[in-house]
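The values are calculated or read from the model by the stated rules, or taken from the named source; none is laboratory data. Since the structure is predicted, the reported quantities are computational estimates derived from the model, not experimental observations. Counting neighbours? That spans all protein chains shown, and the Cβs are built from the backbone with ideal geometry, glycine included. Surface areas here come from the heavy atoms of the whole protein model, side chains and all, with no ligands, DNA or RNA. Shrake-Rupley method; radii C 1.70, N 1.55, O 1.52, S 1.80 Å.
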Amino acid sequence: MLTFSGSLKVFVALEPCDMRKGFNGLHGMVTERLGEDPRQGALFVFTNRRRTRLKILCWDGTGLWVCCKRLEQGTFSWPRPGDIPGTKLALTPEALALLTDGVDLRGGRMRPWYERA
């Protein structure tokens with residue numbers, strides 16, 4: 001489970017991303033597609049087309065971090081490009097933690113793949 005401070009800005013890229021991208025590729029996507037400065041201290045979240053993997057790009061003041069998560073089964077409940085106007089969605093840190101932990105925010109319920117025995 002990830003936890004974030006309440007003052008942290010979080011931006012989710014609505015378009016799918018090529019998960020082979022590393023630091024430089026994600027940095028370029030943040031500046032070109034999202035129109036943001038990656039060094040502002042926000043989290044920038046990207047997912048693949050199938051919504052089974054995600055990457056988070058973060059600047060900590062000295063360098064870039066890239067965090068990755070791959071689901072073994074199921075998909076992330078992620079906003080689709082047609083659902084929301086624009087190229088990015090601003091989330092609260094709490095909403096990002098819920099999404100990465102398997103909660104479908106549209107209905108406020110646990111996704112089947114996340115249910116624990």
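Of all residues in region 19-34, which are over 17 Å from LYS88 (Cβ atoms) and open to solvent by 40 Å² or more (accessible area, probe 1.4 Å)?
ARG20, PHE23, ASN24
Using the structure shown, decide if GLU15 is over 18 Å from VAL103 (Cβ atoms), surrounded by fewer than 15 Cβ atoms within 10 Å (Cβ to Cβ) and within 13 Å of the chain's Cα centre (by Cα).
Working: over 18 Å from VAL103 (Cβ atoms): yes; surrounded by fewer than 15 Cβ atoms within 10 Å (Cβ to Cβ): yes; within 13 Å of the chain's Cα centre (by Cα): yes.
For GLU15, the condition - over 18 Å from VAL103 (Cβ atoms), surrounded by fewer than 15 Cβ atoms within 10 Å (Cβ to Cβ) and within 13 Å of the chain's Cα centre (by Cα) - is met.
Looking at this structure, is LYS55 charged (D, E, K, R), in contact with a Cys (Cβ under 7 Å, 6 or more places away or on another chain) and closer than 12 Å to ALA13 by Cβ?
Values: charged (D, E, K, R): yes; in contact with a Cys (Cβ under 7 Å, 6 or more places away or on another chain): yes; closer than 12 Å to ALA13 by Cβ: yes.
Criteria met by LYS55.
Residue under question is LEU57, and the condition is that it be modelled with pLDDT of 95 or more and open to solvent by less than 60 Å² (accessible area, probe 1.4 Å); does it hold?
Yes, satisfied.
Would you pick out the residues in region 37-54 that are of a type in the set (Val, Ile, Thr) and either surrounded by 19 or more Cβ atoms within 10 Å (Cβ to Cβ) or in a helix (DSSP H, G or I) (or both)? Break it down stepwise before answering.
Kept after step one, since they are of a type in the set (Val, Ile, Thr), are these residues of region 37-54: 45, 47, 52.
Across region 37-54, the qualifying residues are VAL45, THR47.
Identify, from the list THR31, THR62, the residue that is of a type in the set (S, T, N, Q), in a helix (DSSP H, G or I) and either in contact with a helix residue (DSSP H, G or I) (Cβ under 8 Å, 6 or more places away or on another chain) or without any contact (Cβ under 8 Å) to a residue 40 or more places away in the chain (or both).
On the way: THR62 fails: in a helix (DSSP H, G or I).
From the options THR31, THR62, the qualifying one is THR31.
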